Amino acid sequence: MARSSRSLRKEIETLGKVSSTIVSEMYLEDILKIIVAMTAEVMGSKICSLMLLNEKGDELELAATQSLSKDYTNKPNVKVGQSISGRAVSAKKPITVADVKKDPNYMFPEIARKEKLCSMLAVPLMVKGKTIGVLNCYTSKRHKFASREIKLVSAVANQAAIAIHNRKLVEEKESLAAKLEERKFVERAKGILMKKEGLSEDEAYGKMRKHSMDSRRSMKEIAEAVILTHGIKGAK
């Protein structure tokens, strides 16, 4: 991976494209796929992958890769603190390995041999001092990652982490809005049942809950049905 003025321009262009990608309106899954593809291209990587911590924060799950290898994409999750990726997460710093096939800490030497993987760079994804995942780059030949390369992948990892963090904030906001919307419909429907059928608040809610479970429909759908049945308009 010899660096020249041409490759430097390519690195700068890649960072610019990553910046543009993370502020786009694309789905997060597509954003991450583009990020790993661009990283693999600029680094000349055999495989580039991005893994994210699960909800418990104890395992890394594959979120995106440009690799078409089923052996690699179907490999088990990695425990935090184990393998190279897990160590990078727990240490909160980049880790390089000269040859993953020979490193006792690498958990998938058979896959490495089959896919002809050699050197590896694992960079943690950090947001506000918290690790949320890791960005991995593999080469097909033995390679010593230069400081400049590590800084480049770290910059990409930081931008990816920001994109993930911001998108999750949006999702949480949308989820809260949806819950408030559902609650508004349920409260209106409860009032109708209490008035029309002489039910108590608990009885009205219980009736809707039972219909929801029996029909496998959401509480909002049941509430909307109650409102429409009684000819109530302007639910919103």
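For segment 158-196, a residue qualifies if it is among the basic types (K, R) and modelled with pLDDT under 80, and the qualifying residues are R167, K168, K173. Of the helices (runs of 4 or more DSSP H) lying entirely inside segment 49-115, those containing at least 1 residues that are assigned by TED's automatic domain parsing to the domain that holds A157 and under 20 Å from the mean Cα position of the chain (by Cα) span 70-73, 83-91.
So for segment 66-84 (the condition being closer than 22 Å to A155 by Cβ, aliphatic (A, V, I, L, M) and surrounded by 19 or more Cβ atoms within 10 Å (Cβ to Cβ)), does at least one residue qualify? Checked against the condition, which is being closer than 22 Å to A155 by Cβ, aliphatic (A, V, I, L, M) and surrounded by 19 or more Cβ atoms within 10 Å (Cβ to Cβ), segment 66-84 yields at least one hit. Of the residues making up segment 92-117, those that are over 15 Å from S67 (Cα atoms), hydrophobic (A, V, I, L, M, F, W, C) and in contact with a helix residue (DSSP H, G or I) (Cβ under 8 Å, 6 or more places away or on another chain) are I95, V97, V100, M107, F108. Give me the residue from segment 125-169 that is touching a residue at least 40 places away in the same chain (Cβ under 8 Å) and assigned to a loop (DSSP other than H, G, I, E, B) and, out of that set, nearest to E41 (Cα to Cα). The residue in question is T139. If you go through segment 80-99 and pick out every residue that is modelled with pLDDT of 90 or more and more than 16 Å from L125 (Cα to Cα), you end up with 4. Filtering A223, A235 for residues that are more than 30 Å from the chain's Cα centre (by Cα) and modelled with pLDDT of 90 or more leaves a single hit, A223.
When R188 is tested against (1) within 30 Å of L28 (Cβ to Cβ); (2) surrounded by 16 or more Cβ atoms within 10 Å (Cβ to Cβ); (3) not assigned by TED's automatic domain parsing to the domain that holds E55, only condition (1) is not met.
The values are calculated or read from the model by the stated rules, or taken from the named source; none is laboratory data. From a predicted model like this one, the values you see are computed outputs, not experimental measurements. As a convention, Cβ positions derive from the backbone with ideal geometry for all residues, glycine included, and neighbour counts pool all protein chains shown.
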